[in-house]
1. Relative to the first principal axis of the alpha-carbon coordinates of the chain, what is the inclination of helix 15-36, with its axis defined by its Cα atoms, in degrees from 0 to 90 and to the nearest 10?
2. Could you give log10 I(q)/I(0) at q = 0.20, 0.22, 0.25, 0.26 Å⁻¹ for the range 151-225, computed by the Debye formula over C-alpha point scatterers of equal weight, without solvent?
3. Taking a quarter of the surface of the Cα convex hull of the range 116-198, what do you get in nm²?
4. Only Cα pairs under 8 Å and at least 6 apart count here; give the relative contact order of the chain as a rounded whole percent.
5. Could you state the angle between the C-alpha long axis of helix 209-224 and the longest principal axis of the C-alpha atoms of the chain, as a value from 0 to 90 degrees rounded to the nearest 10?
6. Can you tell me how much longer the chain between residue 92 and residue 163 gets when fully stretched, taken as 0.36 nm per residue apart minus their C-alpha distance, in nm with one decimal?
7. In Å, the Kirkwood hydrodynamic radius of the range 144-275 over pairs of distinct alpha carbons?
8. Using a Gaussian network model on the chain with a 10 Å cutoff between Cα atoms, which of 214, 99, 137 fluctuates the most?
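Values in this text are rule-based calculations from the coordinates and carry no lab data. Worth saying up front: this structure is predicted, and the values here are computed from it rather than measured. Reconstructed Cβ throughout: ideal geometry from the backbone, glycine too, with neighbour counts over all protein chains shown.
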Ligand code: C2E
Ligand code: CA
Ligand code: CA
Ligand code: CA
């Protein structure tokens with residue numbers, strides 16, 4: 001329905017030509033960007049409330065466009081997916097993240113976002129195994145973040161692949177939990193180690209009792225199924241201390257640190273919440 005709407009608009013609104021033109025330029029630039037090495041990985045720490053230290057750094061892709069400056073992944077990842085470029089780009093992310101993590105203390109993991117397209121069209125298992133081998137990174141130090149769309153698009157194939165990866169030692173996180181549309185029943189059949197609760201469930205918890213009750217229920221749901229819980233998008237000390245009192249395991253968000261260049265990885269591993 002969405003693409004139909006777009007098509008109709010294209011014929012009646014002249015400004016759509018300009019937008020389409022801009023998009024074509026962005027596509028061409030994106031294609032070149034892979035070759036020109038315009039991509040960079042930033043890292044954001046995930047803080048473990050039990051061990052009271054940073055457990056993981058999440059790799060977040062950045063595009064340093066020569067004219068436009070830094071282009072947000074929210075703007076270019078969907079495009080890279082449509083163009084099929086995400087397969088090469090995602091492979092680059094995997095290798096780079098494993099190489100970076102091999103330089104960190106061995107108790108710190110790296111997590112990598114993997115798109116549904118990578119699951120469908122690439123030898124993802126082979127890529128992951130070789131990235132780990134090339135970097136000399138033990139599989140136990142890699143966490144893969146997948147979204148619901150991965151599961152919806154090819155359920156049986158994904159399930160088999162996730163089991164293989166887990167058997168190999170890689171852990172799996174369900175990203176953006178609570179934002180999708182599918183039924184919750186997949187939680188039972190998929191071998192997630194961790195659930196990452198989306199930022200939208202955190203925003204109001206300091207002001208709104210119902211928001212707090214809702215996130216508490218989601219945490220409980222995940223814990224009941226034996227999964228660890230990371231809450232994303234924690235920005236304030238109020239949110240942090242509220243979550244500290246819940247059965248939540250890990251915190252990610254600007255309150256701990258924003259994503260930063262790899263050169264700051266070591267510094268980001270130090271985090272001491274204010275009392
Ligand atoms: P995500 O995986 O859900 O990553 C979390 C996003 O929230 C990141 O945005 C991060 O910078 C932002 N964030 C973290 N803490 C806070 C906070 O406290 N407040 C606010 N307002 N935002 C916070 P970013 O880096 O712009 O990435 C956006 C999305 O792009 C990611 O969402 C992910 O879906 C996708 N992405 C990023 N890197 C990759 C990649 O290498 N591969 C794939 N397939 N997708 C990626
Ligand atoms: Ca993520
Ligand atoms: Ca997320
Ligand atoms: Ca997201």
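1. 70
2. -0.91, -1.04, -1.22, -1.28
3. Dividing the Cα hull surface by four gives the mean projection, 5.2 nm².
4. For the chain, the relative contact order is 18 percent.
5. 80
6. 23.2 nm
7. After inverting the pairwise mean of 1/r, the radius is 15.9 Å.
8. 214
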